[in-house]
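First up is the structure itself, then whatever we jot down about it.
The values are calculated or read from the model by the stated rules, or taken from the named source; none is laboratory data. Please read all numbers here as calculations on a predicted model, not as lab measurements. As a convention, Cβ positions derive from the backbone with ideal geometry for all residues, glycine included, and neighbour counts pool all protein chains shown. All accessible areas refer to the heavy atoms of the entire protein, side chains included, with ligands and DNA or RNA removed. Shrake-Rupley method; radii C 1.70, N 1.55, O 1.52, S 1.80 Å.
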Amino acid sequence: MLLLTGTAPASATSFRFVPQSITSFGPTVLVEGCDRARSISWVHACTVTDGIITQIREYFNTSLTVTRLGNSNSSPTLSDFSSTPSSSSTVEITPLHCPSLWESSVSSQVGKSVPGLVLAI
């Protein structure tokens with residue numbers, strides 16, 4: 001983090017981001033890589049609007065799974081929830097399908113166990 005923000009001392013060793021894969025889903029672009037010598041894996045999730053990066057999220061030493069939340073064709077509406085006929089005070093929630101679109105692959109190459117995270121887009 002100190003290297004990325006420019007607050008690292010001049011004696012600090014530099015870090016090179018060398019992408020091993022680049023994938024996009026609509027406005028979301030995923031860039032993944034690792035530095036095996038330092039046992040570091042990384043994923044950058046960027047949101048691109050009109051050719052400009054408007055948001056970036058960085059994940060270090062994390063196994064990332066990207067999923068699409070709910071129905072990709074429309075947003076959930078009130079009709080997605082239905083009351084059960086036996087009781088007006090009970091509401092049944094219709095489950096939404098969240099398919100896995102992408103999973104990081106380089107986190108397993110750094111030789112250590114890393115936490116998992118789901119990014120819903």
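Structure notes:
- Applying a threshold of 7 Å to beta carbon distances and a minimum spacing of six or more residues, or different chains, the list of pairs starting in region 1-21 at a residue that is modelled with pLDDT under 80 and ending at one that is assigned to a loop (DSSP other than H, G, I, E, B) and open to solvent by less than 90 Å² (accessible area, probe 1.4 Å) reads 2/8; 2/12; 3/12; 3/14; 3/15.
- The test for being at pLDDT below 85 and open to solvent by less than 90 Å² (accessible area, probe 1.4 Å) holds for residue 76.
- Residues that are touching a strand residue (DSSP E or B) at 6+ places or on another chain (Cβ under 6 Å), at pLDDT 55 or above and closer than 30 Å to residue 17 by Cα do not occur anywhere in region 84-96.
- Residues in region 30-41 that are within 28 Å of residue 68 (Cβ to Cβ) and without any contact (Cβ under 8 Å) to a residue 24 or more places away in the chain: 31 only.
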